[in-house]
Each structure stands twice: as structure tokens, then as C-alpha cells.
Amino acid sequence: MDIKIGTRYEKDILVTEKNVASKFDKDLPSVFSTPDMIAEMEDTCYQLLKKIIPTELTSVGTHVNVSHEKGIVIGDTTTVTAEVIEVDRKRITFAVKAMFNDEIVGQGTHERFIIKK
């Protein structure tokens, strides 16, 4: 298993009524929710590892440390990026970022641990 520092993966996420804060309570705004942003960051890291680790292995999230810095609304698309920044045996640390145009929506780090299925 050869996971290199700097390996990146990104995906675009469309903001819809299914991933906004108002889905939790009608009094909340219809902006991309923090839990959904974090879930997309985690999935981006998972998808990156899925492409490069043996099929008998998978990964689980073990730590998230992110900030949510900008609200984006239904119809906006954010690009979520994961980049490997540290490899410690089976613990992989990623820099994660969500961007809208040239603005940071959220950023931070996420750790995943590689395990047998």
C-alpha cells in the first residue's frame, strides 16, 4: 500500500433542499448545512482512499476538525477537495476544503484509519 503525500481528489456538490440547514428545522436558513459539508468532506477522503488501497481494505473516519466559513444557497455548487498531508502506517490525515468560486466555504483536516473489510 503506497499512499503518497500530496495525493488529491475532488468532487462537485450541488446545494439542494436535501443538504441545507432548513431540512433540520424550518426556522434555519436554506444554506449548505455544516453536517452535510462535513459528510461530503469525509466522503471525498473515503473516495480518494478507495481508489488506491487494496479491495479487501476500507477506511473509517476517526477525527474531523473543520470550520464552516461561508453560507452558500440552493443552486450553488461547491468543490470539495481532499489532499493527503500525513501517512502514519494506517492513519491517513487529509487537508479538506470546500470552495465556491474563489471563496472558502469550509476547511480543516480529517483523519481516516485503514481497516480490513
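The values are calculated or read from the model by the stated rules, or taken from the named source; none is laboratory data. Keep in mind that this is a model prediction, so the values were computed, not measured. Every residue, glycine among them, receives a Cβ derived from its backbone with ideal geometry; neighbour counts consider all protein chains shown. Ligands, DNA and RNA are excluded from the accessible area calculation, which covers all protein heavy atoms including side chains. Shrake-Rupley method; radii C 1.70, N 1.55, O 1.52, S 1.80 Å.
The table that follows gives values for the structure above.
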item: Mean Cβ count within 10 Å, highest first, over the residues of peptides 18-24, 108-114; result: 108-114, 18-24
item: Unsatisfied cross-links (Cα-Cα over 20 Å) in the set 90/116; 26/97; 11/117; 4/117; result: 26/97; 11/117; 4/117
item: Over the chain, equivalent-ellipsoid semi-axes from the Cα gyration tensor in Å; result: 28, 14, 12
item: Computed [θ] at 222 nm, helices only, for the chain once each DSSP H run of length n ≥ 4 contributes -39500 (n - 2.57); result: -5500 deg cm²/dmol
item: For the chain: accessible area per residue (Å², 1.4 Å); result: 57
item: Label-to-label distance, nm, for residues given as residue 90 and residue 43 (7 Å Cα→Cβ offset); result: 2.6
item: Listed residues 49, 28 arranged by accessible area, highest first, probe 1.4 Å; result: 28, 49
item: Rounded percent of accessible protein surface that carbon and sulfur make up, the chain, 1.4 Å probe; result: 50
item: Distance (nanometres) between label positions extended 7 Å along Cα→Cβ at residue 63 and residue 115; result: 1.8
item: Residue 22 versus residue 10: modelled label distance in nm, points set 7 Å from Cα along the beta carbon direction; result: 2.9
